[in-house]
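*Asks:* What follows is a structure written as structure tokens; I'll ask about it next.
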Amino acid sequence: MDNYLTLPGWVLAVFQSCLYIALAPLLVGWVRKVKARLQNRRGAPLLQAYRDLYKLLVKEARVAHTASPLFRAAPYIVFTATWMAAATVPLLVVDLPTAAIADIIVLVGLLALARVFLALAGMDVGTAFGGMGASREMLIGALAEPAMLMAVFTLAMTAHSTNLSSVIDYHLVDGFVLRPSYLFALGGLVLVAVAESGRIPIDNPTTHLELTMIHEAMLLEYSGRHLALMEWSAQIKLLLYGTLIANVFFPWGIGRGFGAAALGLGLAAVLAKLAALGAILAVGETVLAKMRLFRAPEFLNLALLLSLLGLLSHVILEVGA
Amino acid sequence: MSGAVTMQQALALAGLAVVLALASALVSLLAKRVPATLRLVATPLLGLAGLAALAAGLIALVLGGTIQTTLPLGLPWLPWHVRLDALAGFFLLLIGVVTCAVGLYAPAYVRGFEHGHDSLAALGGFSGLFLTGMLMVVLADDAFLFMVAWELMSLSSYFLVAYHHEHSANRRAAFLYLLMAHVGGLMILLGYGVLAAFGTGFSFNELRAAELPPIWAGVAFALAFMGFGMKAGLVPLHAWLPEAHPVAPSHISALMSGVMLKVAVYGFIRFVFDLIGQFPWQWGVVVLIIGCLSALFGVLAALLQTDLKRLLAYSSVENLGIIFIGLGLSLVFLSTGYRSLGALAFVAALYHCLNHALFKGLLFLGAGAILHSTHERDLDQMGGLLRRKPWTGLFFLVGVLSISALPPFNGFVSEWLTFQAALQAWQLQSGVLRSLIPIASAVLALTGALVAVTFVKVYGVAFLGQARSRHVRRARSGPWGMQAGQGFLALLCLLLGVFPTWVIGLIDAVPRAILGDGLPQAGAYGWLWLTPVSPQTASYSGPLIVLMLAGIGLTVFWGLNYLWSRGAPVRWIRRGDAWDCGFAPPSPRMQYTATAFAQPIRRVFGLLFQIDETMTRQEDGTLRHRLHIGDRFWGLLYLPIARAVESAARRVVLLQSGSVRVYLGWTLATLVGLLWIIT
């Protein structure tokens, strides 16, 4: 506990959290760019996502007559909760105080908090699309959340800790051991990440085709800075899942001290890992088509099954051995 | 000996609570003549009784001592024993907290009944007796007083369930409740009988000393688990709960769901953890499996309901399931020798008991406030209540977030603790247990996520959007007393989530007294950090989470609304019509209803229920959609039993010939038979 709570630790934690919100649009821009190249288009510049956010931030916000105060509070709550959830995932270095404040379960809880407010905001204005999006988002969330928890529990049980820093530390110290449970957990977590960040084949972030929307349907009534915050949260969520997969399953390169060299290496490593993951995501989105909504449960059941298999293979094969 | 004196004071306060509750019952008899008595005297007395119980429980928990005494009541050879220890203190506190809130809430709520034709004296009288019964169950120190108090609790709550007896559905619900409460009561009685057969008497000290052979211990456990499980509404013995809880007046529903179910948990803990004391791990597995079943089934059933109070009742089944998951984990860990892990799971279960009492009490009071001003329980008629009833809306939101186990509210803490206990399963030797517990935690995770769906549905449909019916559109903010009752519970929900170390410091006295082990680690790093096992394993800081959530949220808000516009607070918001993809202006009927919201889930999990959905074209060409969702357990368990009882009754009826001589012949035969047996 005490080794987490140092002044440089706090400073770095703040820096890392800011880096999350700064990098999030870049990852989205990168995925879009790779996707465009795969489709033989030139695509928008890498920084387009920042320009979009800026454009939305300076615009006037319109709020429906029928909206309640919750509608206006929700973007701030969603943004804050997502950001805080992201702050608990080590990006550059481990052993930051944010990891002690909130462990993996709190991370999942904060994401659930954001999701609940997103869904409530969708239902607030009283339009048909909002309720539709909320209902679907909650269905997908309800099926994805246990899969996510099971996947992270596999890691937690291996490291005997639910603290993400300790989990990563454990792997770095332990060296590379190919565990079957890890492969299962990785598979489960990737599926959850795709579903939760609203990517193909579960949801299409670029669609505005009314009947297939999930995430966008809840945001229909938002505009201006409210929309900017909501979009930004979605981008942070994608970065969060990317970082989680990159740094937990492939922890090499993450800094273990607070020196400049460790930080620089950590940043370079995480950027490289995220670029690779983003490219994989883009390839996946290009070759796959969006599924019907009622095939999504099968997809998520697979995720839950993989995660549960991971957990069981850990407690049966690896603990006893 | 100042400590001993204060334990005596605690017991005196507990006694005062019982006396006040009885006084409230007695005073209510006057309500027949002067209706205002109920509102002005009886319900405040109920609240005061709650306050006294709260104080007594708090003192008992802080001191952690034990005090026993014998009352000059009861049978000549079997006086009533009373005992106040940490476990009883914890449940007194729980009863007291909710009763306090009800005491604030009820005066305004029962005013609505003053013009009705239902008997006010019955409402007040049975409420007082109900509270008396619950308090006495917790205080009882012998099987005799326990059963008397238990029956008092069951019977008086029967009359409260049957309060609106003009509807036949309510009478049916009350009868079912009475029947199942008594079958359960009988099992508990038999369970005590088994213990007493191996002991020297009926007082708990003597029962505790009884040496049971393993088989009889198993029988006693099975009887107690079924008996208390029936009262706690565990699947498959839950059928009475969603029928009975919703039909009582709302403040009584809050007491029944929030408190009475916990009294059943108390009974189970007292019987199994304290009186039997020794258990094999198989019991833990049974409790764990039943807990998982209840949690998952309860939440899915809740999700499909459209009646708000019925939904809340099903959600109680789910929460009791979570509590029994914690108790099952505790039994498993204790029986395999991991005492401190057992204490952790035990504390998690107790914490969830307290949390459920608070947020379910809050939600039932909120449902009552809606019922009070709109006379509506059907979610599909509600909508837009947040703007009509802002305070109820705010407090209900707190309840929704708490029950959905979202940080930083209280439900999250107890679920977090349960997960932490489950995650220590790797320490166990047995491979079966090591793989069973992770599956249980998967069920718990799925349950938690589905609860969030359920309550997003409730809040989104009832409080957000636009009103779906005329009387809901005209809803009004309730009287301040009703809001104060809800606000009190909402505040506690937040505090118990933000400062878990203090709460665990209090609860810790219970496992130390009952199990002999506590959680010394939980608050070892100060009140800021909750570290139930060790700081390396897991830590959570509620205060810092709240601080950061509030700090960042407000900074972003300020930054975007003021700083961004360079100091001048510009009104940067324009009101307009809803966009809705540019379609025709949305009407309230176009909104998603509760039924529609649950439709995807109904499709995914539909196999677990009997779903009867039909579309018929009516004469005028319009389509009519009918949906009926049935409980599969009726067909699987209850109807066969009912049929068996009926066919047995048909056989017995052959004896009934109507001829006195035949009856006398039977009597003689019975007498001869009995004489033959005893000689």
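Rule-based calculations on the coordinates, nothing more; no lab input. Computed from a predicted structure; not experimentally measured. Quick reminder, even Gly has a Cβ in these numbers, built from the backbone with ideal geometry, and neighbours come from all protein chains shown.
*Asks:* State yes or no: is B:L303 over 25 Å from B:I437 (Cα atoms), touching a helix residue (DSSP H, G or I) at 6+ places or on another chain (Cβ under 6 Å) and touching a residue at least 12 places away in the same chain (Cβ under 8 Å)?
*Replies:* Details: over 25 Å from B:I437 (Cα atoms): yes; touching a helix residue (DSSP H, G or I) at 6+ places or on another chain (Cβ under 6 Å): yes; touching a residue at least 12 places away in the same chain (Cβ under 8 Å): yes.
Yes.
*Asks:* Please find, within region B:422-468, the residue that is surrounded by the most Cβ atoms within 10 Å (Cβ to Cβ) out of those that are at the interface with chain A (Cβ under 8 Å from one of its Cβ atoms) and basic (K, R).
*Replies:* Applying the filter and picking the extreme gives B:K457.
*Asks:* Take region B:378-418 and flag every residue that is aliphatic (A, V, I, L, M), part of a loop (DSSP other than H, G, I, E, B) and more than 10 Å from chain A (Cβ to nearest Cβ). Lay out the reasoning, then the answer.
*Replies:* Initially, region B:378-418 is screened for residues aliphatic (A, V, I, L, M), giving B:379, B:382, B:385-386, B:394, B:397-398, B:400-401, B:403, B:405-406, B:413, B:417.
Next cut, part of a loop (DSSP other than H, G, I, E, B) only: B:382, B:405-406.
If the condition is that a residue be aliphatic (A, V, I, L, M), part of a loop (DSSP other than H, G, I, E, B) and more than 10 Å from chain A (Cβ to nearest Cβ), then B:M382 is the only one that fits.
*Asks:* Would you mind stating whether B:L491 is in a helix (DSSP H, G or I), closer than 26 Å to B:G47 by Cα, under 26 Å from the mean Cα position of the chain (by Cα) and free of Cβ contacts under 8 Å to residues at least 12 places away in the same chain? If you could, list the steps in order and put the result at the bottom.
*Replies:* Values: in a helix (DSSP H, G or I): yes; closer than 26 Å to B:G47 by Cα: yes; under 26 Å from the mean Cα position of the chain (by Cα): yes; free of Cβ contacts under 8 Å to residues at least 12 places away in the same chain: yes.
Yes; evaluated as a whole, the condition is true for this residue.
*Asks:* Another question about this same structure. Does B:R589 satisfy the criteria of being touching a residue at least 12 places away in the same chain (Cβ under 8 Å), within 14 Å of chain A (Cβ to nearest Cβ), touching a helix residue (DSSP H, G or I) at 6+ places or on another chain (Cβ under 8 Å) and basic (K, R)?
*Replies:* Numbers: touching a residue at least 12 places away in the same chain (Cβ under 8 Å): yes; within 14 Å of chain A (Cβ to nearest Cβ): yes; touching a helix residue (DSSP H, G or I) at 6+ places or on another chain (Cβ under 8 Å): no; basic (K, R): yes.
The answer is no for B:R589.
*Asks:* Of the residues A:A217, A:A296, A:A261, A:A282, which single one is without any contact (Cβ under 8 Å) to a residue 24 or more places away in the chain and aliphatic (A, V, I, L, M)? Give the steps one after another, and end with the answer.
*Replies:* Numbers: A:A217 fails: without any contact (Cβ under 8 Å) to a residue 24 or more places away in the chain; A:A296 fails: without any contact (Cβ under 8 Å) to a residue 24 or more places away in the chain; A:A282 fails: without any contact (Cβ under 8 Å) to a residue 24 or more places away in the chain.
Step by step, each of A:A217, A:A296, A:A261, A:A282 is checked, and only A:A261 is without any contact (Cβ under 8 Å) to a residue 24 or more places away in the chain and aliphatic (A, V, I, L, M).
Residue by residue, here is whether (1) in a helix (DSSP H, G or I); (2) touching an Asp or Glu at 6+ places or on another chain (Cβ under 6 Å); (3) within 14 Å of another protein chain (Cβ to nearest Cβ) holds:
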{"position": "B:V285", "(1), (2), (3)": "yes, no, no"}
{"position": "B:L300", "(1), (2), (3)": "yes, no, yes"}
{"position": "B:V317", "(1), (2), (3)": "yes, no, no"}
{"position": "B:L344", "(1), (2), (3)": "yes, no, yes"}
{"position": "B:V347", "(1), (2), (3)": "yes, no, no"}
{"position": "B:A357", "(1), (2), (3)": "yes, no, no"}
{"position": "B:A367", "(1), (2), (3)": "yes, no, no"}
{"position": "B:E376", "(1), (2), (3)": "no, no, no"}
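*Asks:* For region B:605-635, which positions are more than 18 Å from A:L139 (Cβ to Cβ), surrounded by 12 or more Cβ atoms within 10 Å (Cβ to Cβ) and touching a Gly at 6+ places or on another chain (Cβ under 9 Å)?
*Replies:* Scanning region B:605-635 gives a single hit, B:Q610.
*Asks:* Another question, if that's okay. Within the bounds of region A:198-215, is there any residue that is in contact with a Pro (Cβ under 8 Å, 6 or more places away or on another chain) and not in a loop (DSSP other than H, G, I, E, B)? Full working, then the answer.
*Replies:* From region A:198-215, those in contact with a Pro (Cβ under 8 Å, 6 or more places away or on another chain) are A:198-199, A:215; that's our starting set.
If we keep only those that are not in a loop (DSSP other than H, G, I, E, B) too, we end up with A:215.
Within region A:198-215, one or more residues are in contact with a Pro (Cβ under 8 Å, 6 or more places away or on another chain) and not in a loop (DSSP other than H, G, I, E, B).
*Asks:* Of the residues A:G122, A:G224, only one is over 30 Å from B:Q427 (Cα atoms) and buried (at least 22 other Cβ atoms within 10 Å of the Cβ); which? Don't jump to the end; show me each part of the working.
*Replies:* Working: A:G224 fails: buried (at least 22 other Cβ atoms within 10 Å of the Cβ).
On inspection, the qualifying residue turns out to be A:G122.
*Asks:* Name the single residue that is farthest from the chain's Cα centre (by Cα) among those in region A:283-321 being outside any helix (DSSP H, G or I) and at the interface with another protein chain (Cβ under 10 Å from one of its Cβ atoms). Working first, answer last.
*Replies:* Applying the first criterion (outside any helix (DSSP H, G or I)) to region A:283-321 yields A:288-292, A:319-321.
Filter once more, keeping what is at the interface with another protein chain (Cβ under 10 Å from one of its Cβ atoms): A:319-320.
Numbers: A:V319: 30, A:G320: 33 Å.
Out of the qualifying residues, it is A:G320.
*Asks:* Test A:A114 against the stated conditions and say whether it is under 16 Å from the mean Cα position of the chain (by Cα) and more than 7 Å from chain B (Cβ to nearest Cβ).
*Replies:* Working: under 16 Å from the mean Cα position of the chain (by Cα): yes; more than 7 Å from chain B (Cβ to nearest Cβ): yes.
Judged against the criteria, A:A114 is a match.
*Asks:* Test each condition in (1) within 14 Å of chain B (Cβ to nearest Cβ); (2) crowded, with 22+ Cβ neighbours inside 10 Å for A:L219 and report the one that comes out false.
*Replies:* The failed condition is (2).
*Asks:* Hey, another quick one. Out of the residues in region B:540-553 that are free of Cβ contacts under 8 Å to residues at least 12 places away in the same chain and under 12 Å from A:F79 (Cβ atoms), which is nearest to the chain's Cα centre (by Cα)? Steps first, answer last, please.
*Replies:* Going residue by residue through region B:540-553, those that are free of Cβ contacts under 8 Å to residues at least 12 places away in the same chain are B:547-548, B:550-553.
From the residues that got through so far, the ones that are under 12 Å from A:F79 (Cβ atoms) too are B:552-553.
Values: B:I552: 36, B:G553: 34 Å.
Here the residue is B:G553.
*Asks:* Oh, and also: Can you name every residue in region A:177-202 that is in contact with a Gly (Cβ under 9 Å, 6 or more places away or on another chain) and without any contact (Cβ under 8 Å) to a residue 60 or more places away in the chain?
*Replies:* Selection gives A:A193, A:S197.
*Asks:* A further question on this structure: Yes or no: region B:230-245 includes at least one residue that is β-branched (V, I, T), under 18 Å from the mean Cα position of the chain (by Cα) and more than 30 Å from B:P79 (Cβ to Cβ). Walk me through it before giving the result.
*Replies:* Keep residues of region B:230-245 that are β-branched (V, I, T), which gives B:235.
With the extra rule that they be under 18 Å from the mean Cα position of the chain (by Cα), the set shrinks to B:235.
In the following step, the residues that additionally are more than 30 Å from B:P79 (Cβ to Cβ) were identified as B:235.
Yes - at least one qualifying residue is present in region B:230-245.
*Asks:* Among B:V41, B:V34, B:V19, which is the only one that is assigned to a helix (DSSP H, G or I) and surrounded by fewer than 19 Cβ atoms within 10 Å (Cβ to Cβ)?
*Replies:* Details: B:V41 fails: surrounded by fewer than 19 Cβ atoms within 10 Å (Cβ to Cβ); B:V34 fails: assigned to a helix (DSSP H, G or I).
One residue alone meets the criteria, B:V19.
*Asks:* Quick check on this structure: which one of B:F597, B:F609, B:F583 is more than 10 Å from chain A (Cβ to nearest Cβ) and within 25 Å of A:S135 (Cα to Cα)? Full working, then the answer.
*Replies:* On the way: B:F597 fails: more than 10 Å from chain A (Cβ to nearest Cβ); B:F583 fails: more than 10 Å from chain A (Cβ to nearest Cβ).
Only one candidate passes the filter, namely B:F609.
*Asks:* Let me ask something else. What residue, among those in region A:49-89 that are surrounded by fewer than 16 Cβ atoms within 10 Å (Cβ to Cβ) and in contact with a Gly (Cβ under 6 Å, 6 or more places away or on another chain), is nearest to the other protein chains (Cβ to nearest Cβ)?
*Replies:* Among residues in region A:49-89 that are surrounded by fewer than 16 Cβ atoms within 10 Å (Cβ to Cβ) and in contact with a Gly (Cβ under 6 Å, 6 or more places away or on another chain), the one nearest to the other protein chains (Cβ to nearest Cβ) is A:E60.
*Asks:* State the number of residues belonging to region A:127-186 that are within 19 Å of A:F250 (Cβ to Cβ), more than 7 Å from chain B (Cβ to nearest Cβ) and outside any loop (DSSP other than H, G, I, E, B).
*Replies:* 24
*Asks:* With a cut-off of at least 1 residues that are polar (S, T, N, Q) and closer than 26 Å to B:D378 by Cβ, name the helices (runs of 4 or more DSSP H) lying wholly within region B:572-679.
*Replies:* Numbers: elements: B:594-605, B:639-652, B:660-678.
Those helices (runs of 4 or more DSSP H) span B:594-605.
*Asks:* While we're here: Any residue that is in a helix (DSSP H, G or I) and more than 25 Å from B:V510 (Cβ to Cβ) - is there at least one of those in region B:93-102?
*Replies:* The first filter runs over region B:93-102 and keeps only residues in a helix (DSSP H, G or I), leaving B:93-102.
Cutting the leftovers down to more than 25 Å from B:V510 (Cβ to Cβ) gives us none.
No, region B:93-102 contains no residue that is in a helix (DSSP H, G or I) and more than 25 Å from B:V510 (Cβ to Cβ).
*Asks:* Return the residue satisfying two criteria in turn: it lies in region B:474-504 and is among the small types (G, A, S) and farther than 13 Å from B:F396 by Cα, and of such residues it is surrounded by the fewest Cβ atoms within 10 Å (Cβ to Cβ). It would help to see each step written out before you state the result.
*Replies:* Here is the first cut: in region B:474-504, the ones among the small types (G, A, S) are B:475, B:477-478, B:481, B:484-485, B:487, B:490, B:497.
Retained after the next criterion (residues that are farther than 13 Å from B:F396 by Cα): B:475, B:477-478, B:481, B:497.
Working: B:A475: 22, B:S477: 15, B:G478: 23, B:G481: 17, B:G497: 26.
So the residue we want is B:S477.
*Asks:* So, one more: Check B:L92, B:L135 and return the single one that is of a type outside the set (F, W, Y), under 17 Å from B:L261 (Cα atoms) and in contact with a strand residue (DSSP E or B) (Cβ under 9 Å, 6 or more places away or on another chain).
*Replies:* Numbers: B:L135 fails: in contact with a strand residue (DSSP E or B) (Cβ under 9 Å, 6 or more places away or on another chain).
Testing whether each residue is of a type outside the set (F, W, Y), under 17 Å from B:L261 (Cα atoms) and in contact with a strand residue (DSSP E or B) (Cβ under 9 Å, 6 or more places away or on another chain) leaves just B:L92.
*Asks:* Starting from region A:158-176, keep only residues that are closer than 20 Å to A:Y241 by Cβ, then list their pairs with residues that are among the hydrophobic types (A, V, I, L, M, F, W, C) and in a loop (DSSP other than H, G, I, E, B) whose Cβ atoms are within a distance under 7 Å, requiring at least 6 positions of separation or different chains.
*Replies:* From residues that are closer than 20 Å to A:Y241 by Cβ, the pairs are A:T162/B:A538; A:N163/B:A538; A:L164/A:V89; A:S165/A:V94; A:S165/A:L96; A:I168/A:V94; A:I168/A:I254.
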